[in-house]
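**Q** First, the structure itself, so that you have it in front of you.
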Amino acid sequence: MPLGRFLDVLKEKKLHYINLLKESFNPETLPSLMCRHQINIAWDGTLYDCDFNLAAGLPVSKKVPRHVQKFDQSALSTREIMTADHCFGCTAGHGSSCGGALV
């Protein structure tokens with residue numbers, strides 16, 4: 001996943017990995033993405049759409065409760081999922097997840 005030190009190396013070496021991920025976008029992966037079915041909670045209680053967003057410091061939308069103390073399942077189940085370039089890593093090719101390929 002193009003985050004953290006790996007992203008720094010990609011930028012330093014001017015590698016276009018993000019373009020490869022974008023070109024490999026597979027819409028069939030969308031229904032099974034982890035961000036569609038679970039929420040991540042940081043050590044401080046901040047809510048994130050997925051563990052990759054947690055690593056990127058990208059919490060859930062400001063339109064829904066952003067802390068576990070204000071957890072609201074109905075609001076979170078209809079939330080706008082926060083996305084960035086690293087999201088193409090989950091939608092590329094066959095997709096990726098903790099359990100293996102999504103399609």
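**Q** May I ask you to verify whether Leu7 is more than 14 Å from the chain's Cα centre (by Cα), under 26 Å from Gly93 (Cα atoms) and part of a loop (DSSP other than H, G, I, E, B)?
**A** Spelling it out, it is not the case that Leu7 is more than 14 Å from the chain's Cα centre (by Cα), under 26 Å from Gly93 (Cα atoms) and part of a loop (DSSP other than H, G, I, E, B).
**Q** Next question, about the same structure. Can you tell me which residue among Ser24, Ser32 is modelled with pLDDT under 95 and touching a helix residue (DSSP H, G or I) at 6+ places or on another chain (Cβ under 9 Å)?
**A** Residue meeting the stated conditions: Ser24.
Yes or no, residue by residue, for (1) among the hydrophobic types (A, V, I, L, M, F, W, C); (2) in a loop (DSSP other than H, G, I, E, B); (3) under 17 Å from the mean Cα position of the chain (by Cα); (4) surrounded by fewer than 15 Cβ atoms within 10 Å (Cβ to Cβ):
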{"residue": "Met1", "(1), (2), (3), (4)": "yes, yes, yes, no"}
{"residue": "Lys11", "(1), (2), (3), (4)": "no, no, no, yes"}
{"residue": "Leu20", "(1), (2), (3), (4)": "yes, no, no, yes"}
{"residue": "Gln38", "(1), (2), (3), (4)": "no, yes, yes, yes"}
{"residue": "Leu54", "(1), (2), (3), (4)": "yes, no, yes, no"}
{"residue": "Glu80", "(1), (2), (3), (4)": "no, yes, yes, yes"}
{"residue": "Gly89", "(1), (2), (3), (4)": "no, no, yes, no"}
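**Q** Kindly indicate whether Lys62 is modelled with pLDDT of 90 or more and surrounded by fewer than 11 Cβ atoms within 10 Å (Cβ to Cβ).
**A** Yes, satisfied.
The values are calculated or read from the model by the stated rules, or taken from the named source; none is laboratory data. Everything numeric here is computed off the predicted structure, so don't read it as measured data. Heads up, the Cβs are rebuilt from the backbone with ideal geometry, glycines too, and the neighbour counts pull from every protein chain shown.
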